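Reviewing the structure listed below.
The values are calculated or read from the model by the stated rules, or taken from the named source; none is laboratory data. Note that the structure is predicted; figures quoted are calculated from it, not measured. Cβ: placed from backbone, ideal geometry, glycine included. Neighbour counts: every protein chain shown.
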Amino acid sequence: MKRNSKDSELRERARQVIPKGMYGHESVALLSEDYPQFFSRAEGAYLWDCDDNRYVDYMCAFGPNLLGYRHRGVEDAARAQAAMGDTMTGPSEAMVVLAEDLVSMIGHAAWAMFCKNGSDATSMAMVTARAYRDRRKILVAKGTYHGSAPWNTPNIKGITAEDRAHIIYFNYNDLDSTADAFRKADGDVAGVFATPFRHETFNDQYAPSAEYALGLRKLCDDADALLILDEVRTGFRLSRDCSWSVHGVQPDLSAWGKVLANGYPISALVGSEKARSAASSIYVTGSFWFSAVPMAAAIATLREIRTTDYLERIIANSTRLRAGIAAQAAAHDIPVRQTGPSQMPQILFDDDPDMRKGYFWAGFAVRSGVYLHPYHNMFFNAALTPDDIDNTLDITDRAFAELKRQLPSLPAQSNELLLQRLGR
(Lines give C-alpha, C1' and ligand atoms only; values in the text may rest on other atoms or scores of the structure.)
Protein backbone atom coordinates (compact mmCIF):
# COMPACT_ATOMS: atom_id res chain seq x y z
CA MET A 1 0.00 0.00 0.00
CA LYS A 2 1.04 3.57 -0.58
CA ARG A 3 2.31 5.53 2.40
CA ASN A 4 -0.41 7.60 3.99
CA SER A 5 1.01 10.96 2.90
CA LYS A 6 -2.34 12.71 2.44
CA ASP A 7 -3.69 11.09 5.60
CA SER A 8 -0.70 12.34 7.61
CA GLU A 9 -1.12 15.82 6.20
CA LEU A 10 -4.80 15.89 7.15
CA ARG A 11 -4.07 14.63 10.65
CA GLU A 12 -1.64 17.49 11.18
CA ARG A 13 -4.03 20.06 9.75
CA ALA A 14 -6.80 18.69 11.99
CA ARG A 15 -4.61 19.08 15.07
CA GLN A 16 -4.33 22.80 14.36
CA VAL A 17 -8.06 23.51 14.19
CA ILE A 18 -9.83 20.65 16.05
CA PRO A 19 -9.15 19.81 19.72
CA LYS A 20 -6.87 16.74 19.68
CA GLY A 21 -7.45 16.50 15.94
CA MET A 22 -8.99 13.16 15.03
CA TYR A 23 -7.84 11.73 18.36
CA GLY A 24 -10.68 13.27 20.33
CA HIS A 25 -12.59 10.10 19.47
CA GLU A 26 -11.17 7.46 21.80
CA SER A 27 -11.66 4.53 19.44
CA VAL A 28 -9.39 6.35 17.02
CA ALA A 29 -6.93 7.57 19.62
CA LEU A 30 -5.97 4.01 20.55
CA LEU A 31 -5.34 2.83 16.99
CA SER A 32 -1.87 2.54 15.53
CA GLU A 33 -0.45 4.47 12.58
CA ASP A 34 -1.41 1.51 10.37
CA TYR A 35 -4.98 2.74 10.48
CA PRO A 36 -5.97 5.55 8.13
CA GLN A 37 -8.13 8.24 9.70
CA PHE A 38 -9.42 10.03 6.60
CA PHE A 39 -11.37 8.41 3.77
CA SER A 40 -12.32 9.58 0.31
CA ARG A 41 -15.07 7.20 -0.82
CA ALA A 42 -16.95 3.98 -0.16
CA GLU A 43 -18.88 1.46 -2.23
CA GLY A 44 -20.57 -1.75 -1.16
CA ALA A 45 -18.24 -3.55 1.24
CA TYR A 46 -15.23 -1.39 0.37
CA LEU A 47 -13.64 1.76 1.70
CA TRP A 48 -10.90 3.92 0.14
CA ASP A 49 -8.69 6.12 2.25
CA CYS A 50 -7.58 9.56 1.11
CA ASP A 51 -4.41 8.02 -0.37
CA ASP A 52 -6.64 5.76 -2.50
CA ASN A 53 -5.86 2.52 -0.67
CA ARG A 54 -8.82 0.13 -0.74
CA TYR A 55 -10.03 -1.93 2.22
CA VAL A 56 -12.62 -4.62 2.76
CA ASP A 57 -14.35 -2.84 5.61
CA TYR A 58 -15.35 -4.87 8.67
CA MET A 59 -16.21 -1.81 10.75
CA CYS A 60 -19.06 -0.57 8.52
CA ALA A 61 -18.62 3.03 9.76
CA PHE A 62 -18.79 1.60 13.32
CA GLY A 63 -22.10 0.02 12.42
CA PRO A 64 -24.32 2.16 10.13
CA ASN A 65 -23.45 0.33 6.90
CA LEU A 66 -25.90 -2.60 6.87
CA LEU A 67 -26.76 -3.13 3.20
CA GLY A 68 -23.54 -1.86 1.63
CA TYR A 69 -22.21 1.64 1.16
CA ARG A 70 -24.17 3.65 -1.41
CA HIS A 71 -26.86 1.00 -1.72
CA ARG A 72 -28.78 1.81 -4.91
CA GLY A 73 -32.29 1.59 -3.47
CA VAL A 74 -31.43 3.72 -0.46
CA GLU A 75 -29.54 6.29 -2.53
CA ASP A 76 -32.36 6.56 -5.08
CA ALA A 77 -34.86 7.22 -2.30
CA ALA A 78 -32.61 9.82 -0.68
CA ARG A 79 -31.99 11.62 -3.98
CA ALA A 80 -35.69 11.68 -4.84
CA GLN A 81 -36.51 13.25 -1.48
CA ALA A 82 -33.60 15.70 -1.68
CA ALA A 83 -34.98 16.98 -4.99
CA MET A 84 -38.16 17.98 -3.13
CA GLY A 85 -36.72 19.14 0.19
CA ASP A 86 -34.83 17.98 3.24
CA THR A 87 -34.72 20.18 6.34
CA MET A 88 -37.88 22.25 6.18
CA THR A 89 -40.09 24.12 8.62
CA GLY A 90 -41.76 20.83 9.46
CA PRO A 91 -41.41 17.16 8.60
CA SER A 92 -42.52 15.54 5.36
CA GLU A 93 -44.91 12.64 4.90
CA ALA A 94 -41.85 10.39 5.18
CA MET A 95 -41.90 10.77 8.97
CA VAL A 96 -45.36 9.25 9.24
CA VAL A 97 -44.55 6.44 6.81
CA LEU A 98 -41.34 5.65 8.67
CA ALA A 99 -43.11 5.52 12.02
CA GLU A 100 -45.79 3.25 10.51
CA ASP A 101 -43.09 0.94 9.16
CA LEU A 102 -41.30 0.66 12.50
CA VAL A 103 -44.54 0.02 14.37
CA SER A 104 -45.42 -2.74 11.91
CA MET A 105 -41.99 -4.39 12.18
CA ILE A 106 -41.13 -4.24 15.89
CA GLY A 107 -43.18 -6.45 18.17
CA HIS A 108 -43.60 -4.13 21.15
CA ALA A 109 -43.93 -0.93 19.10
CA ALA A 110 -47.02 1.27 19.23
CA TRP A 111 -45.25 4.52 18.35
CA ALA A 112 -41.89 5.96 17.29
CA MET A 113 -40.06 9.26 17.76
CA PHE A 114 -37.03 10.34 15.73
CA CYS A 115 -33.72 11.99 16.50
CA LYS A 116 -30.19 11.87 15.10
CA ASN A 117 -27.84 9.51 16.92
CA GLY A 118 -27.81 6.76 19.49
CA SER A 119 -27.09 9.04 22.44
CA ASP A 120 -30.17 11.09 21.53
CA ALA A 121 -32.32 7.97 21.52
CA THR A 122 -31.03 6.52 24.80
CA SER A 123 -31.25 9.88 26.57
CA MET A 124 -34.80 10.31 25.27
CA ALA A 125 -35.58 6.85 26.65
CA MET A 126 -34.23 7.87 30.05
CA VAL A 127 -36.37 11.03 30.14
CA THR A 128 -39.45 9.09 29.02
CA ALA A 129 -38.90 6.48 31.74
CA ARG A 130 -38.65 9.20 34.38
CA ALA A 131 -41.82 10.83 33.10
CA TYR A 132 -43.72 7.52 33.20
CA ARG A 133 -44.24 7.49 36.99
CA ASP A 134 -42.36 10.68 37.96
CA ARG A 135 -39.45 8.71 39.38
CA ARG A 136 -35.72 9.43 39.29
CA LYS A 137 -33.56 6.31 39.44
CA ILE A 138 -32.18 4.70 36.26
CA LEU A 139 -30.56 1.27 36.55
CA VAL A 140 -27.60 0.53 34.26
CA ALA A 141 -25.25 -2.46 34.11
CA LYS A 142 -21.70 -1.64 35.19
CA GLY A 143 -19.42 -0.82 32.28
CA THR A 144 -22.10 -0.84 29.60
CA TYR A 145 -22.07 1.87 26.98
CA HIS A 146 -25.31 3.65 26.14
CA GLY A 147 -23.90 6.73 24.41
CA SER A 148 -21.76 9.77 25.08
CA ALA A 149 -24.22 11.81 27.17
CA PRO A 150 -22.98 12.91 30.62
CA TRP A 151 -25.08 10.30 32.43
CA ASN A 152 -23.22 7.44 30.72
CA THR A 153 -20.01 8.47 28.94
CA PRO A 154 -16.95 6.47 30.05
CA ASN A 155 -14.80 9.63 30.11
CA ILE A 156 -15.52 11.55 33.32
CA LYS A 157 -13.68 14.74 32.33
CA GLY A 158 -16.18 17.60 32.45
CA ILE A 159 -18.77 15.36 34.14
CA THR A 160 -20.02 16.10 37.66
CA ALA A 161 -21.22 13.67 40.30
CA GLU A 162 -24.62 15.33 40.01
CA ASP A 163 -24.86 14.22 36.37
CA ARG A 164 -25.00 10.63 37.63
CA ALA A 165 -26.61 11.14 41.02
CA HIS A 166 -29.63 9.01 40.13
CA ILE A 167 -27.86 6.22 38.23
CA ILE A 168 -27.64 2.90 40.09
CA TYR A 169 -25.36 0.17 38.76
CA PHE A 170 -25.78 -3.60 38.74
CA ASN A 171 -23.90 -6.55 37.26
CA TYR A 172 -24.93 -7.61 33.77
CA ASN A 173 -26.62 -11.02 33.55
CA ASP A 174 -26.92 -11.18 37.34
CA LEU A 175 -30.51 -11.11 38.59
CA ASP A 176 -29.47 -11.00 42.26
CA SER A 177 -27.38 -7.90 41.61
CA THR A 178 -30.22 -6.32 39.63
CA ALA A 179 -32.76 -7.08 42.36
CA ASP A 180 -30.38 -5.49 44.87
CA ALA A 181 -30.26 -2.35 42.72
CA PHE A 182 -34.05 -2.21 42.79
CA ARG A 183 -33.95 -2.44 46.58
CA LYS A 184 -31.39 0.37 46.80
CA ALA A 185 -33.71 2.58 44.75
CA ASP A 186 -36.42 2.10 47.41
CA GLY A 187 -39.41 2.33 45.07
CA ASP A 188 -37.93 5.11 42.92
CA VAL A 189 -36.94 3.09 39.81
CA ALA A 190 -37.98 4.82 36.60
CA GLY A 191 -36.34 2.45 34.12
CA VAL A 192 -33.71 -0.21 33.53
CA PHE A 193 -31.33 -0.20 30.56
CA ALA A 194 -30.21 -3.45 28.95
CA THR A 195 -28.10 -4.28 25.93
CA PRO A 196 -29.16 -7.37 23.95
CA PHE A 197 -25.73 -8.87 24.62
CA ARG A 198 -22.60 -7.61 26.35
CA HIS A 199 -20.54 -5.84 23.70
CA GLU A 200 -18.00 -3.59 25.40
CA THR A 201 -14.55 -2.86 23.97
CA PHE A 202 -11.47 -4.85 25.05
CA ASN A 203 -13.64 -7.66 26.44
CA ASP A 204 -15.13 -10.94 25.30
CA GLN A 205 -18.75 -10.54 24.25
CA TYR A 206 -21.48 -12.75 25.66
CA ALA A 207 -25.24 -13.13 25.57
CA PRO A 208 -27.34 -13.04 28.72
CA SER A 209 -29.31 -16.09 29.76
CA ALA A 210 -32.98 -16.37 28.88
CA GLU A 211 -33.63 -16.50 32.62
CA TYR A 212 -31.95 -13.12 33.02
CA ALA A 213 -33.96 -11.50 30.23
CA LEU A 214 -37.22 -12.92 31.57
CA GLY A 215 -36.27 -12.05 35.14
CA LEU A 216 -35.42 -8.48 34.24
CA ARG A 217 -38.80 -8.16 32.54
CA LYS A 218 -40.51 -9.42 35.74
CA LEU A 219 -38.52 -7.08 38.00
CA CYS A 220 -39.62 -4.14 35.88
CA ASP A 221 -43.24 -5.30 35.85
CA ASP A 222 -43.32 -5.82 39.62
CA ALA A 223 -41.91 -2.33 40.20
CA ASP A 224 -43.99 -0.71 37.41
CA ALA A 225 -40.73 0.53 35.84
CA LEU A 226 -39.89 0.61 32.14
CA LEU A 227 -37.54 -1.92 30.55
CA ILE A 228 -35.36 -0.17 27.96
CA LEU A 229 -33.52 -2.24 25.33
CA ASP A 230 -30.59 -0.44 23.72
CA GLU A 231 -30.61 -1.69 20.11
CA VAL A 232 -28.46 1.16 18.78
CA ARG A 233 -25.56 -1.16 17.98
CA THR A 234 -27.46 -4.41 17.47
CA GLY A 235 -30.71 -3.41 15.79
CA PHE A 236 -31.55 -5.34 12.59
CA ARG A 237 -28.16 -7.12 12.60
CA LEU A 238 -29.32 -9.83 14.96
CA SER A 239 -33.01 -9.99 14.10
CA ARG A 240 -35.78 -8.31 12.13
CA ASP A 241 -37.46 -7.59 15.48
CA CYS A 242 -36.13 -6.65 18.91
CA SER A 243 -33.20 -8.87 19.77
CA TRP A 244 -34.76 -10.23 22.96
CA SER A 245 -37.81 -11.45 21.08
CA VAL A 246 -35.91 -14.75 20.87
CA HIS A 247 -36.46 -15.01 24.64
CA GLY A 248 -40.11 -13.97 24.36
CA VAL A 249 -39.25 -10.68 26.07
CA GLN A 250 -40.63 -7.38 24.81
CA PRO A 251 -39.26 -4.12 26.26
CA ASP A 252 -41.33 -1.03 26.96
CA LEU A 253 -38.88 1.20 25.12
CA SER A 254 -36.14 0.44 22.59
CA ALA A 255 -33.49 2.77 21.18
CA TRP A 256 -32.48 2.33 17.53
CA GLY A 257 -29.75 3.93 15.44
CA LYS A 258 -26.74 3.15 13.27
CA VAL A 259 -28.27 0.93 10.56
CA LEU A 260 -31.69 2.60 10.49
CA ALA A 261 -31.03 4.49 7.25
CA ASN A 262 -27.90 2.66 6.03
CA GLY A 263 -25.64 5.56 6.95
CA TYR A 264 -27.95 8.56 6.77
CA PRO A 265 -28.18 10.36 10.13
CA ILE A 266 -31.27 9.25 11.99
CA SER A 267 -32.14 7.30 15.12
CA ALA A 268 -35.38 6.43 16.86
CA LEU A 269 -37.01 5.75 20.18
CA VAL A 270 -39.73 3.14 19.84
CA GLY A 271 -42.22 2.43 22.58
CA SER A 272 -45.16 0.37 23.75
CA GLU A 273 -48.67 1.66 24.34
CA LYS A 274 -47.90 1.70 28.08
CA ALA A 275 -45.23 4.36 27.54
CA ARG A 276 -47.16 6.53 25.05
CA SER A 277 -48.48 9.02 27.61
CA ALA A 278 -45.03 9.52 29.13
CA ALA A 279 -43.46 10.05 25.71
CA SER A 280 -46.20 12.58 24.90
CA SER A 281 -45.42 14.56 28.04
CA ILE A 282 -41.69 15.24 27.54
CA TYR A 283 -40.04 18.00 25.52
CA VAL A 284 -37.35 16.87 23.08
CA THR A 285 -36.44 18.36 19.72
CA GLY A 286 -33.62 19.24 17.36
CA SER A 287 -33.30 21.48 14.31
CA PHE A 288 -32.40 18.54 12.08
CA TRP A 289 -34.47 15.81 13.72
CA PHE A 290 -37.26 16.14 11.17
CA SER A 291 -35.08 16.22 8.04
CA ALA A 292 -36.80 14.29 5.27
CA VAL A 293 -33.86 12.79 3.37
CA PRO A 294 -32.70 10.47 6.18
CA MET A 295 -36.31 9.40 6.72
CA ALA A 296 -36.72 8.52 3.05
CA ALA A 297 -33.45 6.58 3.25
CA ALA A 298 -34.71 4.77 6.34
CA ILE A 299 -37.97 3.80 4.63
CA ALA A 300 -35.95 2.27 1.79
CA THR A 301 -33.63 0.51 4.25
CA LEU A 302 -36.54 -1.01 6.16
CA ARG A 303 -38.04 -2.20 2.89
CA GLU A 304 -34.83 -4.13 2.19
CA ILE A 305 -34.90 -5.55 5.72
CA ARG A 306 -38.48 -6.76 5.25
CA THR A 307 -38.26 -8.12 1.72
CA THR A 308 -34.75 -9.49 1.14
CA ASP A 309 -32.49 -12.18 2.58
CA TYR A 310 -29.95 -9.58 3.74
CA LEU A 311 -29.77 -11.06 7.26
CA GLU A 312 -29.36 -14.65 6.12
CA ARG A 313 -26.51 -13.61 3.80
CA ILE A 314 -24.80 -11.68 6.59
CA ILE A 315 -25.07 -14.66 8.94
CA ALA A 316 -23.80 -17.12 6.31
CA ASN A 317 -20.76 -15.02 5.40
CA SER A 318 -19.89 -14.07 8.96
CA THR A 319 -20.17 -17.67 10.15
CA ARG A 320 -17.87 -18.76 7.35
CA LEU A 321 -15.26 -16.15 8.23
CA ARG A 322 -15.42 -17.09 11.91
CA ALA A 323 -14.88 -20.78 11.09
CA GLY A 324 -11.98 -19.94 8.78
CA ILE A 325 -10.22 -17.79 11.36
CA ALA A 326 -10.71 -20.48 14.01
CA ALA A 327 -9.10 -23.07 11.72
CA GLN A 328 -6.19 -20.76 10.92
CA ALA A 329 -5.57 -19.95 14.58
CA ALA A 330 -5.50 -23.67 15.39
CA ALA A 331 -3.18 -24.44 12.47
CA HIS A 332 -0.72 -21.74 13.55
CA ASP A 333 -1.13 -22.66 17.25
CA ILE A 334 -2.07 -19.09 18.18
CA PRO A 335 -5.32 -19.29 20.15
CA VAL A 336 -7.91 -16.58 19.62
CA ARG A 337 -11.28 -15.92 21.24
CA GLN A 338 -14.10 -15.11 18.83
CA THR A 339 -17.08 -14.02 20.87
CA GLY A 340 -20.50 -12.53 20.35
CA PRO A 341 -22.72 -13.14 17.34
CA SER A 342 -20.71 -13.84 14.19
CA GLN A 343 -22.26 -10.83 12.42
CA MET A 344 -20.82 -8.55 15.14
CA PRO A 345 -17.54 -10.36 15.89
CA GLN A 346 -15.05 -9.61 18.62
CA ILE A 347 -11.61 -11.16 18.10
CA LEU A 348 -9.11 -11.15 20.97
CA PHE A 349 -5.97 -13.21 21.56
CA ASP A 350 -5.19 -15.49 24.48
CA ASP A 351 -2.18 -14.62 26.65
CA ASP A 352 -2.07 -11.07 25.30
CA PRO A 353 -2.18 -8.74 28.34
CA ASP A 354 -0.98 -5.65 26.48
CA MET A 355 -2.64 -6.66 23.19
CA ARG A 356 0.59 -6.81 21.22
CA LYS A 357 -0.65 -9.89 19.34
CA GLY A 358 -4.01 -8.37 18.52
CA TYR A 359 -2.53 -5.08 17.34
CA PHE A 360 0.07 -6.83 15.18
CA TRP A 361 -2.42 -9.24 13.58
CA ALA A 362 -5.09 -6.63 12.87
CA GLY A 363 -2.46 -4.12 11.74
CA PHE A 364 -1.05 -6.62 9.25
CA ALA A 365 -4.57 -7.10 7.86
CA VAL A 366 -5.10 -3.35 7.51
CA ARG A 367 -1.79 -2.92 5.72
CA SER A 368 -2.92 -5.71 3.37
CA GLY A 369 -6.31 -4.18 2.59
CA VAL A 370 -8.65 -5.69 5.20
CA TYR A 371 -9.92 -3.29 7.85
CA LEU A 372 -10.12 -5.32 11.08
CA HIS A 373 -10.24 -3.79 14.55
CA PRO A 374 -7.96 -4.92 17.40
CA TYR A 375 -10.34 -4.32 20.34
CA HIS A 376 -13.79 -3.13 19.21
CA ASN A 377 -16.54 -5.43 17.98
CA MET A 378 -16.75 -5.42 14.20
CA PHE A 379 -19.75 -5.48 11.84
CA PHE A 380 -20.81 -7.36 8.73
CA ASN A 381 -22.88 -5.89 5.92
CA ALA A 382 -24.99 -7.52 3.22
CA ALA A 383 -22.70 -6.39 0.38
CA LEU A 384 -19.89 -8.72 1.46
CA THR A 385 -19.54 -11.68 -0.91
CA PRO A 386 -18.02 -15.17 -0.58
CA ASP A 387 -15.07 -13.89 -2.64
CA ASP A 388 -14.53 -11.12 -0.08
CA ILE A 389 -14.47 -13.75 2.65
CA ASP A 390 -11.95 -15.84 0.67
CA ASN A 391 -9.71 -12.81 0.15
CA THR A 392 -9.99 -11.87 3.81
CA LEU A 393 -9.07 -15.38 4.92
CA ASP A 394 -6.04 -15.36 2.65
CA ILE A 395 -4.84 -12.19 4.38
CA THR A 396 -5.66 -13.33 7.92
CA ASP A 397 -3.77 -16.57 7.29
CA ARG A 398 -0.72 -14.59 6.24
CA ALA A 399 -1.20 -12.38 9.29
CA PHE A 400 -1.15 -15.44 11.57
CA ALA A 401 1.98 -16.75 9.86
CA GLU A 402 3.80 -13.44 10.22
CA LEU A 403 2.65 -13.08 13.82
CA LYS A 404 4.06 -16.52 14.63
CA ARG A 405 7.34 -15.61 12.97
CA GLN A 406 7.61 -12.29 14.81
CA LEU A 407 6.23 -13.46 18.16
CA PRO A 408 9.56 -14.15 19.91
CA SER A 409 10.70 -10.56 19.31
CA LEU A 410 7.36 -8.74 19.18
CA PRO A 411 7.76 -5.48 21.12
CA ALA A 412 5.43 -4.61 23.97
CA GLN A 413 2.73 -2.02 23.41
CA SER A 414 3.91 1.46 24.33
CA ASN A 415 0.53 3.16 23.94
CA GLU A 416 0.03 4.74 27.37
CA LEU A 417 -3.66 5.43 26.82
CA LEU A 418 -4.21 1.82 25.76
CA LEU A 419 -2.41 0.48 28.81
CA GLN A 420 -4.45 2.79 31.00
CA ARG A 421 -7.67 1.45 29.50
CA LEU A 422 -6.44 -2.10 30.10
CA GLY A 423 -5.62 -1.28 33.74
CA ARG A 424 -1.92 -2.08 33.31
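Scan the range 69-102 for residues that are among the aliphatic types (A, V, I, L, M), surrounded by fewer than 16 Cβ atoms within 10 Å (Cβ to Cβ) and within 21 Å of Glu231 (Cβ to Cβ) and jot them down.
Matches in the range 69-102: Val97 only.
Could you give me the residue pairs with C-beta distances under 6 Å whose first residue belongs to the range 305-318 and is buried (at least 17 other Cβ atoms within 10 Å of the Cβ), whose second residue is aliphatic (A, V, I, L, M) wherever it lies, and which are 6+ apart or on separate chains? As it stands, the answer is Tyr310/Ala382; Arg313/Ala382; Ile314/Ala382; Asn317/Leu384; Asn317/Ile389, since those pairs meet every condition given. Among the residues of the range 153-173, is there at least one that is under 30 Å from Pro294 (Cβ atoms), in the same structural domain as Ala225 (by TED's automatic domain parsing), of a type outside the set (Lys, Arg) and surrounded by 16 or more Cβ atoms within 10 Å (Cβ to Cβ)? Yes.
Specify which of the listed residues (Asp186, Asp224) is more than 30 Å from Asp350 (Cβ to Cβ) and touching a residue at least 60 places away in the same chain (Cβ under 8 Å). After ruling out the rest, the residue left standing is Asp224. When every residue of the range 260-282 is checked against the conditions, at least one turns out to be aromatic (Phe, Trp, Tyr) and in contact with a helix residue (DSSP H, G or I) (Cβ under 6 Å, 6 or more places away or on another chain). Taking the criterion of being under 13 Å from Gly263 (Cβ atoms), assigned to a loop (DSSP other than H, G, I, E, B) and out of contact with any Asp or Glu (no Cβ under 9 Å at 6 or more places or on another chain), the residues of the range 50-67 that qualify are Met59, Cys60, Ala61, Phe62, Gly63, Pro64. Restricted to the range 247-277, and to residues there that are outside any loop (DSSP other than H, G, I, E, B) and in contact with a Cys (Cβ under 8 Å, 6 or more places away or on another chain), the residue that is nearest to Ala45 (Cα to Cα) is Ser267. For the structure I just gave you, tell me whether Leu30 is in contact (Cβ under 8 Å) with a residue 40 or more places away in the chain and farther than 20 Å from Ile305 by Cα. Against the criterion (in contact (Cβ under 8 Å) with a residue 40 or more places away in the chain and farther than 20 Å from Ile305 by Cα), Leu30 qualifies.
Per-residue answers, yes or no, for (1) assigned to a loop (DSSP other than H, G, I, E, B); (2) modelled with pLDDT of 95 or more; (3) surrounded by 24 or more Cβ atoms within 10 Å (Cβ to Cβ):
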| position | (1), (2), (3) |
| --- | --- |
| Phe202 | yes, no, no |
| Glu211 | no, yes, no |
| Leu219 | no, yes, no |
| Ile228 | no, yes, yes |
| Thr234 | yes, yes, yes |
| Asp241 | yes, yes, no |
| Ser245 | no, no, no |
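Within the range 268-325, if we keep just the residues that are closer than 19 Å to Ala129 by Cβ and β-branched (Val, Ile, Thr), the residue that is nearest to the chain's Cα centre (by Cα) turns out to be Val270. For the range 322-331, the criterion of a residue being buried (at least 23 other Cβ atoms within 10 Å of the Cβ) and under 25 Å from Ala382 (Cα atoms) is satisfied by no position.
In this structure, is Pro374 in a loop (DSSP other than H, G, I, E, B) and crowded, with 20+ Cβ neighbours inside 10 Å? So Pro374 fits the description; yes.
The set of residues from the range 128-143 being touching a Phe, Trp or Tyr at 6+ places or on another chain (Cβ under 9 Å), at pLDDT 95 or above and surrounded by fewer than 22 Cβ atoms within 10 Å (Cβ to Cβ) comprises just one member, Lys142. For the range 68-107, a tally of residues being assigned to a helix (DSSP H, G or I) and within 16 Å of Gly44 (Cβ to Cβ) returns 5. The residues of the range 324-367 that are more than 17 Å from Leu410 (Cα to Cα) and either assigned to a loop (DSSP other than H, G, I, E, B) or among the aromatic types (Phe, Trp, Tyr) (or both), listed by number, are Gly340, Pro341, Ser342, Gln343, Met344, Pro345.
Considering Asp390, Asp354, the condition of being free of Cβ contacts under 8 Å to residues at least 40 places away in the same chain and either over 22 Å from the mean Cα position of the chain (by Cα) or under 25 Å from Thr234 (Cα atoms) (or both) is satisfied by Asp390 alone.
Checking every residue in the range 155-173 against the condition of being touching a strand residue (DSSP E or B) at 6+ places or on another chain (Cβ under 6 Å), polar (S, T, N, Q) and modelled with pLDDT of 95 or more gives zero matches. The set of residues in the range 35-49 being surrounded by fewer than 18 Cβ atoms within 10 Å (Cβ to Cβ) and either in a loop (DSSP other than H, G, I, E, B) or in contact with a Pro (Cβ under 9 Å, 6 or more places away or on another chain) (or both) consists of Phe38 alone.
Could you tell me whether the range 378-390 includes any residue that is assigned to a strand (DSSP E or B), at pLDDT 95 or above and either closer than 30 Å to Asp309 by Cβ or outside the structural domain of Ala323 (by TED's automatic domain parsing) (or both)? Among the residues of the range 378-390, not one is assigned to a strand (DSSP E or B), at pLDDT 95 or above and either closer than 30 Å to Asp309 by Cβ or outside the structural domain of Ala323 (by TED's automatic domain parsing) (or both), which makes the answer no.
Does Leu253 fit the bill of being surrounded by fewer than 24 Cβ atoms within 10 Å (Cβ to Cβ) and at pLDDT 95 or above?
On the way: surrounded by fewer than 24 Cβ atoms within 10 Å (Cβ to Cβ): no; at pLDDT 95 or above: yes.
In short, no.
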